[in-house]
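The structure appears below as structure tokens.
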Amino acid sequence: MRIPRARMVASTVAATAALAMIPAIAFAQPSHPLTAATSSATSHTTSGSAVPADSLRALGAKVGLRIGTAVNADELASSSTYDSITAQQFSTVTAENVMKWDTIEPEQGQYNYAPADKLIAFAEAHGQLVRGHNLVWENQQPAWFTAESASLSADQVKAILKQHVISEVSHFKGKIWQWDVVNEPFNEDGSFVNNIWYQKLGAAYITDAFIWAHQADPKAKLFLNDYNLEYTGTKSNAALSFVQQLKAKHVPINGVGFETHLDTQYGQPDLLNNLQRFAAAGFDVAITEADVRTTLPVTAVEQTAQNADYSLSLQACLQVSRCISYTVWGFDDQFSWVPSTFAGEGAADIYNDFQPKPQYTTLQQDLELATGSAARSRY
Ligand code: 9MR
């Protein structure tokens, strides 16, 4: 699923050509009132539970950076330890799965918002902002759609996509800080993923999704989210070129999410350079799915490499004022997506069995060191 750097090849033709068809539409770039509303909740969450002064969220608040986690809805509903770590350590949460389309609309026209609504209620109770993940992706589509999609006309596919985006964004209107509107649209060679949306609609599906999301919640920050943008190369070059062209056409895109699923065997990315160049182009940026997997069992050498990768990603974000959140893709190895995807790899998270690992201490220390520098306005 994550593709080694060595396999990347060059071609950005499709990404560039597709933009020629985008109409010019004027949209304001919104800020979000939720940001200011919860910015001072550092010693207590709004529900009154204590936030330790040395927690990631409290230390992040001191330097103006929200620290987040993806949340497993089943654990949130069943484990008080999971809940208290989520509340105490993080100031933003992302639904790991329950805002994806297959959960939201399991039968056409029948909506299942309850699991995501519970997460939002949890976030509101604990003074956290919510990253909405995600609206348009080739994975985790409902079975009713995948069963019929190939036989649908372009107009039918477009109507279904519009209905989905507008329905979901409208339901959560005012409650989402950042939306991952389009998820993982690029191949490693810079071309567009040939998903059903691209097959039927071309790259216009991306433009339309941002426009519809903005219409449904004009104050949400709208993101394009992808992996391997951390590395300077064909994929990140194509993504930068594409989002710049969207912005030039006044398509309402605010930010770019860098997933940052790292693996010690592939070496370190030049993430800082990439955050900087997207920020310089006028985009908010965010680390949206950080984890660092390695081959099991973890040796001392690999542990050191994992710590270094976490440190690199956090420090890169800290150095870019438009990097508005640093989110780990789950905090505990018990619930990580990694072992079932990469045989023999794991230990990617900052806790195991609800105990903080050296990776946690690394993030904590980096945030503590950063408190010596001036807090930024992004919080
Ligand atoms: O962590 C998610 C896992 O529980 C799901 O089974 C998987 C299905 O596609 O998606 C995982 O999350 C992905 C995220 O939504 C997008 N970026 C890659 C993440 C890891 O695969």
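Just to be sure I understand the model, the point goes 7 Å from the Cα along the line to the Cβ. What's the resulting residue 78 to residue 155 distance in nm?
4.7 nm
For a test of the definition: using alpha carbon positions, the gyration tensor, and the 1.5 limit on a/c, classify the stretch 140-194 as rounded, prolate or oblate. Kindly include the intermediate steps, with their values, before the conclusion.
Details: a/c = 2.24, a/b = 1.16, b/c = 1.94.
In terms of gyration-tensor shape, oblate.
Of all beta bridges DSSP finds with both residues in the chain, what is the antiparallel percent, to the nearest 5?
So the antiparallel bridges amount to about 15 percent of the total.
In Å and whole numbers, how far do the C-alpha atoms of the stretch 42-143 stretch along each principal axis, longest first?
Result, largest extent first: 46, 26, 17 Å.
Quick one: what Rg and Dmax do you get for the chain from the alpha carbons, in Å?
19.6, 59
Report, please, the projected area of the stretch 226-361 averaged over directions, based on the convex hull of its C-alpha atoms, in nm².
The Cα convex hull of the stretch 226-361, projected and averaged over all directions, gives 8.3 nm².
Under the 0.36 nm per residue contour assumption, what length would be gained going from the current alpha-carbon distance of residue 361 and residue 270 to full extension? Show your work: numbers first, answer last.
Values: separation 91, 0.36 × 91 = 32.76 nm, distance 2.27 nm.
Result: 30.5 nm gained on full extension.
If you place +1 on the Cβ of every Lys and Arg, -1 on the Cβ of every Asp and Glu, and leave all else neutral, what size is the dipole of the chain about its Cα centre, to the nearest 20 Debye?
1340 debye
Using only Cα atoms, find the angle between the long axis of helix 204-216 and the longest principal axis of the chain, and express it within 0 to 90 degrees, rounded to the nearest 10.
Here the helix axis deviates by roughly 70 degrees.
May I ask for the angle, rounded to the nearest 10°, between helix 234-248 and the longest principal axis of the chain, with both axes built from Cα atoms and the value confined to 0 to 90°?
With both axes taken from Cα atoms, the answer is about 70 degrees.
Find the eigenvalues of the gyration tensor of the Cα atoms of the stretch 241-281, then list the square roots of 5 times those eigenvalues as equivalent ellipsoid semi-axes, largest first, in whole angstrom.
Value: 26, 10, 8 Å, ordered largest first.
Work out the FRET efficiency for residue 248 and residue 166 from their Cβ-Cβ distance, taking R0 = 25 Å, and round it to the nearest 0.05.
Taking R0 as 25 Å, the efficiency between residue 248 and residue 166 is 0.50.
With bins 5 Å wide starting at 0, give me the P(r) of the stretch 144-288 over every alpha carbon pair, in whole percents.
Distribution as computed: 2, 10, 18, 21, 19, 15, 9, 5, 1 percent.
Between 0 and 90 degrees, rounded to the nearest ten: what's the tilt of helix 358-370 against the longest Cα principal axis of the chain?
90 degrees
When you take every Cα atom in the stretch 211-305, what is the radius of gyration, and what is Dmax, the widest Cα pair distance, in Å?
Rg then Dmax for the stretch 211-305, in Å: 15.8, 51.
Using Cα springs under 10 Å in a Gaussian network model of the chain, which residue among 170, 151, 84 shows the largest mean-square fluctuation?
For the chain, modelled as a Gaussian network with Cα springs under 10 Å, the answer is 151.
Bear in mind these aren't lab numbers, they're just calculated from the coordinates by the rules spelled out. Nothing here was measured: the structure is a model prediction, and the numbers come from that model. Cβ sites come from the backbone with ideal geometry, for glycine too, and all protein chains shown count toward neighbours.
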